[in-house]
Amino acid sequence: MSLARDALRVTVLGSGTAVPSAERFPAGHLLQDGDSTLCVDLGPGVLRRLAACGLDLDAVDAVLLTHFHTDHCADVAALLFGLRSPRYAGREPLHLFGAPGLRTLIANLTQAWPWLAPRDYELHLHEIGPGSHDVLGLRVDAFAIEHTKESLGYRVHGGGGAIAAFSGDAVLCDNLVPLARDSDLFVCDSAFPSAAPGPGHMTPSEAGRVAARAGCRILLLTHFYPECDGHDLLAEARREFDGDVRMAQDLLSFRLHPAKPGRS
Ligand SMILES: [Zn+2]
Ligand SMILES: [Zn+2]
């Protein structure tokens, strides 16, 4: 097996939530692998973070939505509207992935805003369930996650073998462990500190417990509500997980090389 495999690059576009923050945009992640560029979630405003990464809208080939809460997908509307610009005429098809309900969401948005309908490019909507899927030639495993009935976590296999896993919003549930198993980066909902837990979300302690059971390499805590301010979230997670734990911040970027070749 060659040592010169390409890295999977993961960049945090937004580490915040539905509550506006001056430093943190709502949820969004950029994944770059070879010629493929995809986003996991597109919360409101994160297209600006793409621009900060030096990427034009045209660069986005696919978007995977973990669920349909607005802080994770509102910029899909901004993306569809922006792509109607004549400058993007004839671009490659755009692929949107999400749980059943995606078509209804896009249809309803387009009914409210007719100018979201694609012009001079193809829009492909993929309603998917748990299991393995081909996304731009990359394997993506989807897992049902407890948060909303449409919630999916994604385990993305880079072409070089690195694995990045995304819980989306979650409560502690069994599928988080296989989602994150042996992953090089596990991006996990840590929305509220243990001292002030919130409904529908995880704490850093819970994220740490999952990371320890899953044996992931880097645990990236994210999706911080204001209740997190003043709490040592890293210490909370590190009490449960003795691996590498980081706090997400917007535009934090990782180049992932597989630490454990030959995984599935
Ligand atoms: Zn949510
Ligand atoms: Zn959320």
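We did not get these values from a lab; they are worked out from the coordinates using the rules stated. This structure is a prediction, so every number in the text was calculated from the model and none was measured. Neighbour counts run over all protein chains shown; Cβ positions are idealised from the backbone, glycine included.
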- prompt: Given the residues D120, D75, D41, which is the only one that is among the acidic types (D, E) and in a strand (DSSP E or B)?
  reply: D41
message: Considering only segment 77-98, I want to know if a residue exists there that is crowded, with 16+ Cβ neighbours inside 10 Å, of a type in the set (A, V, I, L, M) and within 16 Å of ligand 1 (Cβ to nearest atom).
response: no
query: Considering P204, P226, which residue is surrounded by fewer than 24 Cβ atoms within 10 Å (Cβ to Cβ) and either within 15 Å of ligand 1 (Cβ to nearest atom) or over 15 Å from the mean Cα position of the chain (by Cα) (or both)?
result: P226
message: For the structure I just gave you, tell me whether V156 is in contact with a His (Cβ under 7 Å, 6 or more places away or on another chain), away from ligand 1 (no atom under 16 Å from the Cβ), assigned to a strand (DSSP E or B) and closer than 30 Å to F241 by Cβ.
response: no
task: Output the residue which, of all residues in segment 187-230 that are within 13 Å of ligand 2 (Cβ to nearest atom) and of a type in the set (A, V, I, L, M, F, W, C), is farthest from L256 (Cα to Cα).
output: F192
- request: Would you mind finding the one in S132, S194, S183 that is in a loop (DSSP other than H, G, I, E, B), surrounded by fewer than 17 Cβ atoms within 10 Å (Cβ to Cβ) and small (G, A, S)?
  value: S194
query: Can we say T66 is part of a loop (DSSP other than H, G, I, E, B), surrounded by 19 or more Cβ atoms within 10 Å (Cβ to Cβ) and either more than 16 Å from ligand 2 (Cβ to nearest atom) or in contact (Cβ under 8 Å) with a residue 12 or more places away in the chain (or both)?
result: yes
- line: Scanning segment 210-259 residue by residue, the ones that are touching a strand residue (DSSP E or B) at 6+ places or on another chain (Cβ under 9 Å) and part of a loop (DSSP other than H, G, I, E, B) total 13
query: For segment 137-185, which residues satisfy the criterion of being within 18 Å of I218 (Cα to Cα) and of a type in the set (A, V, I, L, M)?
result: V156, A162, I163, A164, A165, L176, V177, L179, A180, L185
- prompt: Can you tell me which residues in segment 27-44 are more than 16 Å from ligand 1 (Cβ to nearest atom), of a type outside the set (D, E) and either over 10 Å from L8 (Cα atoms) or more than 9 Å from the chain's Cα centre (by Cα) (or both)?
  reply: L30, Q32, G34, S36, T37, L38, C39
task: Scan segment 139-162 for residues that are crowded, with 22+ Cβ neighbours inside 10 Å, away from ligand 2 (no atom under 16 Å from the Cβ) and under 26 Å from G200 (Cβ atoms) and jot them down.
output: V140, A142, F143, V156
